[in-house]
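Accompanying notes for the structure given below.
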Amino acid sequence: MKRKFGFMFMIFAMISLASCESKGKKITCKPENFREKISELKSEGTYNVIVTGTISNNKKFLDDLAAALKQDRTVKIHLDLSESEGLKEFYSGASNLLGVSLPPSFKKLSTKSFRGKNIKYVDFPKGNERFIAEENAIYTKNHKILGAVLAGATELNVAEGTEKIVYGAIENLDNLEKVMLPSTLTELESNNFVKCPSLTLVDSESSQIKKIVSCFNDLPNVQVKLPKTLEYLEESFKNSKIINIKLPEKLNYMYHSFIALDDITEIELPDSLEFVIKSFVDCKKINRINFGNNLKILYSGFTLCPELKSISLPASLIRLAKYNNFTEKIVNFSDGEWYFDIELADASGWIWNSSKDACDPNEHKFGNLSQEILSSPEKLGEFINTESFDTYYGGIWKNEYDVISEPSDGVGTWDDFCLNRNF
């Protein structure tokens, strides 16, 4: 029996030793001489650096870490802080940091905590009640919030039970190729799925997300399966190459989205969509849009779309205006013009502001737009482009609605602006 126990112990010891050796040569140092110790390491080597003692100045230690790893990027480090004290937050983008073991004092997680492109693991201390590392992501202990993603991740299957992804957690991840979101996810904060050059698929179809703001931007070649529950889309799908996108049937509101998408030629907008505001700019190949049957507001956008020759708008429309976006792409006034014919399903009861000083509400002269213009798609397109003015009070609208100024400084919403609700 003793022989058997001794043999098993030897095997365990050999495994432990192999594990230590796989992390490279063991180096122990204090926080105060950490930078000096790293500078003494030989190029091309891999080291297991163990820091012991108290880290009294969090920022200084992290600055020393960045400077030390920058000195020789061929030196690869497994950083063990589990025996240190005092470190409350951690962040590193060093490409030669291969992994980190955190101390019990660690409390503050940032989306930039683990952005080194070669980091493969994060270990939290025993007894940690705040965070958990699972596959390539860091969650709160109960899995409800995804707080960070390792920069080396190639696939991300967000854990079932996750309800929220924090701001910028999935951003600037060079290696990420595929992401699957769970059915429990209800909140996707802004600046996610941004500048991930290898990303080819984001499947969020089964999630419960209703609102997306500033996501799916600067992506080179990706298929996005949007949530079936999505109702609100803002500042999203800019400067991206999107493959086979289908807008969900509950989408109601689109603001400043689908900008500079060179590969979309046709798009179907769902019947649920009532507001399209400052969207579809610089989509050079788009030649057809189906607006659905319930669109109420078409306000601005559709500039720099040279292949779009005509649009047909449903009888539900109550507001149509060309007010320019003045996006970065639109430098000259002529870049913001509409060059397509406009066909209205309901060409009766439209009014416009004929004042030449359309910016001054005291000078407004509202009147009925002639049937000669309204009944001719070509003449209406020319009228909107040349006579209805690029102002908040320009365009045409149904005569039972008033025009008010664009909401700003936190006062009012675009719903208020478009439908004349009091605010």
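Looking at L188, L201, just one residue is surrounded by fewer than 17 Cβ atoms within 10 Å (Cβ to Cβ) and among the aliphatic types (A, V, I, L, M), and that residue is L201.
A single member of F302, F333 is open to solvent by 60 Å² or more (accessible area, probe 1.4 Å), among the aromatic types (F, W, Y) and modelled with pLDDT under 95, and it is F333. Pairs are defined by a Cβ separation below 8 Å, a sequence spacing of at least 6 or placement on different chains, a first member in the range 267-279 that is farther than 22 Å from I242 by Cα and open to solvent by 10 Å² or more (accessible area, probe 1.4 Å), and a second member that is β-branched (V, I, T) and at pLDDT below 95; the pairs so defined are E274/I297.
Somewhere in the range 208-227, is a residue closer than 23 Å to S95 by Cα and part of a strand (DSSP E or B)? There is no residue in the range 208-227 that is closer than 23 Å to S95 by Cα and part of a strand (DSSP E or B).
Would the range 227-236 turn up any residue that is of a type in the set (F, W, Y) and surrounded by 22 or more Cβ atoms within 10 Å (Cβ to Cβ)?
Of the range 227-236, the ones of a type in the set (F, W, Y) are 232.
If we keep only those that are surrounded by 22 or more Cβ atoms within 10 Å (Cβ to Cβ) as well, we get none.
No - not one qualifying residue is present in the range 227-236.
Among the residues of the range 100-113, those identified as among the hydroxyl-bearing types (S, T, Y) and in a loop (DSSP other than H, G, I, E, B) are S105, S110, T111, S113.
Restricting attention to the range 207-225, which residues are open to solvent by 10 Å² or more (accessible area, probe 1.4 Å), closer than 22 Å to C196 by Cα and more than 11 Å from the chain's Cα centre (by Cα)? Passing the criteria: K211, P220, N221, Q223, K225. On the stretch given as the range 160-184, residues that are open to solvent by 60 Å² or more (accessible area, probe 1.4 Å), in contact with an Asp or Glu (Cβ under 8 Å, 6 or more places away or on another chain) and charged (D, E, K, R) total 3.
Checking each residue in the range 34-66 for being within 38 Å of the chain's Cα centre (by Cα), of a type in the set (S, T, N, Q) and within 17 Å of N96 (Cβ to Cβ) picks out T46, N48.
Looking at G116, G147 in this structure, which one is part of a strand (DSSP E or B), open to solvent by less than 30 Å² (accessible area, probe 1.4 Å), within 30 Å of Y47 (Cβ to Cβ) and at pLDDT below 95?
On the way: G116 fails: part of a strand (DSSP E or B).
Sole residue among the options that is part of a strand (DSSP E or B), open to solvent by less than 30 Å² (accessible area, probe 1.4 Å), within 30 Å of Y47 (Cβ to Cβ) and at pLDDT below 95: G147.
Listed conditions (1) under 27 Å from N48 (Cα atoms); (2) open to solvent by less than 40 Å² (accessible area, probe 1.4 Å) are all met by E129, apart from (2). On inspection, A94 does not qualify as open to solvent by less than 50 Å² (accessible area, probe 1.4 Å), of a type in the set (G, A, S), free of Cβ contacts under 8 Å to residues at least 40 places away in the same chain and not in a loop (DSSP other than H, G, I, E, B).
The values are calculated or read from the model by the stated rules, or taken from the named source; none is laboratory data. This is a predicted model, so every value here is computed, not measured. When we count neighbours, we look across all protein chains shown, and the Cβ atoms used for this are built from the backbone with ideal geometry, even at glycine. In case anyone asks, the SASA skips ligands and DNA or RNA and just uses the protein heavy atoms, side chains included. Shrake-Rupley method; radii C 1.70, N 1.55, O 1.52, S 1.80 Å.
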